[in-house]
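Student: Here you go, one structure.
The values are calculated or read from the model by the stated rules, or taken from the named source; none is laboratory data. Remember, it's a predicted structure, so these values are computed and weren't measured experimentally. Here the Cβ positions follow ideal geometry from the backbone for every residue, glycine too, while neighbour counts run over all protein chains shown. Please note that ligands, DNA and RNA were not included when accessible areas were found on the heavy atoms of the full protein model with its side chains. Shrake-Rupley method; radii C 1.70, N 1.55, O 1.52, S 1.80 Å.
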Amino acid sequence: MKGALPLPGFRDFYPDDLARRAHIARAWRAVARRFAFVEYDGPPLEPLELYTQKSGEEIVTQLYAFTDKGAREVSLRPEMTPTFARMVAAKANALRKPVRWFSLPQLFRYERAQKGRLREHFQLNVDIVGETSERADAELLAVALEICAELELGAADIRARVSDRRLLSAILNALGLTDAQHGVAYAVIDKVERASRESSMAKLTEAGVTAEAAEALLATVGATTVEALRARFGAHVAVVEALDRLERYLGLMDAYGYRDWVVLDLTIVRGLAYYTGIVFELFDAQGEFRAVAGGGRYDNLLQALGGVDLPALGFGMGDVVLGELLAARGKLDGVKAATPEVWLIAEERVSPAEVIRVGQALRAAGAAVEYAIGDATMNKQRKVSHTAESEHVCFLSGDPAMEGMIGYKRVAARAPLRGLPEQGEHVLELEAVLQAFRRAHGRD
RNA sequence: GUGGCUGUAGCUCAACUGGUUAGAGCACCGGUCUGUGGCACCGGGGGUUGCGGGUUCAAGUCCCGUCAGUCACCCCA
């Protein structure tokens, strides 16, 4: 209506919104930390060339790019990988391998906003550099799934669909497609779920694929087990090799405790051309949202972007779709902005200075303390302490006989503090109250 | 970039086929309650109906444009 609004595709985070975002970020950091990844960051604004060099032409039209006051062509970062590659490449020899880094960048793209896609979002990036084994791929997927578990999503909520570029490539060769036809095949397979069978067939045959091979391909990508593919392509060495690797990978997922979440799905291609091995995408099991996360192995990208030949793999997980999914499953219901722990109510005869002194003593004990800044009657103060949803209320009497004492009442339905009464209004030693908060905040 | 749908207070919505100063609940602010009170009662602020133009005696209601939101396409880091 009136006044300034955020730019299209950008979000204001009111306290409750920020609490939800922080809830997600907390899970990201907690799990990354448990897997002993370390956090890094880079500039949100980068030279335009960083993205135009190695990314496709298409991506350039969606860059949030402009010319700065120094006539430099710059772009807000649309992805973290180029920055990551640069940073790793610059110190490649000095870094202990494998590199296990993660970041929580805010990323930008200039395109029309739609469900699950804005012009700005926060995206967890987790990468491993220096390991060719599928054990690294399994470790990576385990991080992604453990984050979902951390956010109280289970195998019934999340499906990890995995594939392998090497497997798909070997299958295409086995079906008689030329290398030149692989690109078209990838594009068709990527869209096979949404496109009609006729249009898929048409695109393949237009590229010179025989109708017979095209039909075989469309039938093959429907396979959901290693066994089915082994039965069909058991005679092709490259396919078998890829299947063996995938089988070991799935076996490792079992060891992590996440085998139930994972399904083989050859239609997972990932748009980016730089993927070279196992790729995966996380979806909600009910299929009503966009991908929650996606990633895979990109063994040649560091060479191309940073000039060092190191194998690498990683995934990204954005806050938008994940937040939508969590909200839909009721997992964010209790996530609200923080409320005061203690509200200090003072009788009218108590001086502001005395309120401040007690407030500071409580804060020194670790408590989050608020009180009426302006003049307010006792009634008013009580009312405000309730609307502010403070957990505890303390009363200051101006009575000289009450020196060193304080009124106390627990209000909110949260866990009571050890050493303080659970209900009713009481007069306690101020020191006893401070002691209870010190203990609650680990400051005793 | 293309197309569909939508656009009334902070939020959820109302206003017969176009017809007087656009209403309600919640939220917010203030007051009463000398007080266990997230209560009750009273009162208040807040909308040139997204914006601009047109049709009409008269437009929140109809038409056009525009902006925004939303969904889909394109694309997906």
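Student: With every protein chain kept in the model, how would you rank A:Lys69, A:Lys97 by accessible area, 1.4 Å probe, largest at the top?
Tutor: Heavy-atom accessible area, descending, gives A:Lys69, A:Lys97.
Student: Name the longest site-free stretch of chain A, where the excluded sites are GluC sites (Glu not before Pro) in a DSSP loop with no more than 15 other beta-carbon atoms within 10 Å.
Tutor: A:1-110
Student: Taking the simple approach of a point 7 Å from Cα along Cα-to-Cβ for both A:Gln286 and A:Ala337, what is their distance in nm?
Tutor: Going by the 7 Å Cα→Cβ label model, 2.9 nm.
Student: For chain A, state the semi-axes of the equivalent ellipsoid (square roots of 5 times the eigenvalues of the alpha-carbon gyration tensor), sorted largest first and rounded to whole angstrom. Kindly include the intermediate steps, with their values, before the conclusion.
Tutor: Values: eigenvalues 606, 117, 88 Å².
Square roots of five times the eigenvalues give 55, 24, 21 Å.
Student: Peptides A:172-180, A:122-130: what's the order by average Cβ count within 10 Å, highest mean first?
Tutor: A:122-130, A:172-180
Student: If one computes the Cα centroid of region A:402-444 and of region A:52-120, what distance in Å separates the two points?
Tutor: 50 Å
Student: Relative to the present Cα-Cα distance, how much length would full extension add between A:Thr61 and A:Val184 at 0.36 nm per residue of separation?
Tutor: Between A:Thr61 and A:Val184, full extension yields 42.1 nm more.
Student: Beta carbons within 10 angstrom, averaged per residue: use that to sort the peptides A:393-400, A:375-382, highest first. Write down the numbers at each step before the final one.
Tutor: On the way: A:393-400: 17.0, A:375-382: 12.9.
My ranking of the peptides, most packed first, is A:393-400, A:375-382.
Student: With every protein chain present, what accessible area does A:Lys331 have (1.4 Å probe, heavy atoms only), rounded to the nearest 10 Å²?
Tutor: 60 Å²
Student: Now for a separate question. Please list A:Tyr186, A:Tyr258, A:Tyr14, A:Tyr408 from largest to smallest accessible area, probe radius 1.4 Å, with all protein chains kept in place.
Tutor: Solvent-accessible surface, decreasing: A:Tyr14, A:Tyr186, A:Tyr258, A:Tyr408.
Student: On the full set of protein chains, 1.4 Å probe, figure out the accessible area of A:Trp101 and give it in Å² to the nearest 10.
Tutor: 50 Å²
Student: Can you compute the FRET efficiency between A:Ala30 and A:Arg357 using 1/(1 + (r/R0)^6), with r the Cβ-Cβ distance and R0 = 45 Å? Round to the nearest 0.05. Don't jump to the answer; show the numbers that get you there.
Tutor: Working: r = 37 Å, r/R0 = 0.83.
Between A:Ala30 and A:Arg357 the formula returns 0.75.
Student: Taking the solvent-accessible surface of protein heavy atoms with a 1.4 Å probe, what is the per residue accessible area of chain A in Å²?
Tutor: Working: 21980 Å² over 444 residues.
Solvent-accessible surface per residue comes out at 50 Å².
Student: Counting just the Cα atoms, what span does region A:180-260 cover along each of its three principal axes? Round to the nearest Å and put the largest first.
Tutor: Answer, in whole Å and largest first: 44, 29, 20 Å.
Student: Hey, another quick one. Please give the length that would be gained between A:Asp244 and A:Val38 if that part of the chain were fully extended, namely 0.36 nm times their separation in residues minus their C-alpha to C-alpha distance (nm, one decimal).
Tutor: Numbers: separation 206, 0.36 × 206 = 74.16 nm, distance 3.17 nm.
Extra length from A:Asp244 to A:Val38 when fully extended: 71.0 nm.
Student: At 1.4 Å probe size, what's the solvent-accessible area of A:Asp12? Round to the nearest 10 Å².
Tutor: Surface open to solvent at A:Asp12 totals about 90 Å².
Student: Here's a follow-up. How big is D for region A:1-109, in µm² s⁻¹ as a whole number, if Stokes-Einstein is applied with the Kirkwood radius of its Cα pairs at 20 °C and 1.002 mPa s?
Tutor: Values: Rh = 16.5 Å.
After rounding, the answer is 130 µm²/s.
Student: From the convex hull of the Cα coordinates of region A:223-295, what is the mean projected area in square nanometres?
Tutor: Here the figure is 5.6 nm², rounded to one decimal.
Student: If you find the alpha carbon centre of region A:197-240 and of region A:1-46, how far apart are they in angstrom?
Tutor: 41 Å
Student: Now for a different question. What does the charge count around A:Asp164 come to, taking other residues whose C-beta lies under 15 Å from its C-beta (Lys +1, Arg +1, Asp -1, Glu -1)? Please report the intermediate quantities before stating the final value.
Tutor: Details: positive: A:Arg135, A:Arg161, A:Arg165, A:Arg166, A:Arg230, A:Arg245, A:Arg248, A:Arg270, A:Arg297; negative: A:Glu134, A:Asp137, A:Asp190, A:Glu241, A:Asp244, A:Glu247, A:Asp265, A:Glu281, A:Asp299.
Result for the neighbourhood of A:Asp164: 0.
Student: Computing the accessible area with a 1.4 Å probe over protein heavy atoms, can you report the carbon and sulfur percentage for chain A?
Tutor: 51 percent
Student: Ordering A:Arg77, A:Arg230 from largest to smallest accessible area (1.4 angstrom probe), what's the sequence? Walk me through the intermediate numbers first.
Tutor: Values: A:Arg77 10, A:Arg230 75 Å².
Final ranking, largest accessible area leading: A:Arg230, A:Arg77.
Student: So which aspartates and glutamates can A:Lys409 reach, going by Cα to Cα under 18 Å and dropping same-chain residues fewer than 8 places off?
Tutor: In chain and number order, the partners are A:Glu341, A:Glu347, A:Glu370, A:Glu389, A:Glu391, A:Glu422, A:Glu425, A:Glu429, A:Glu431.
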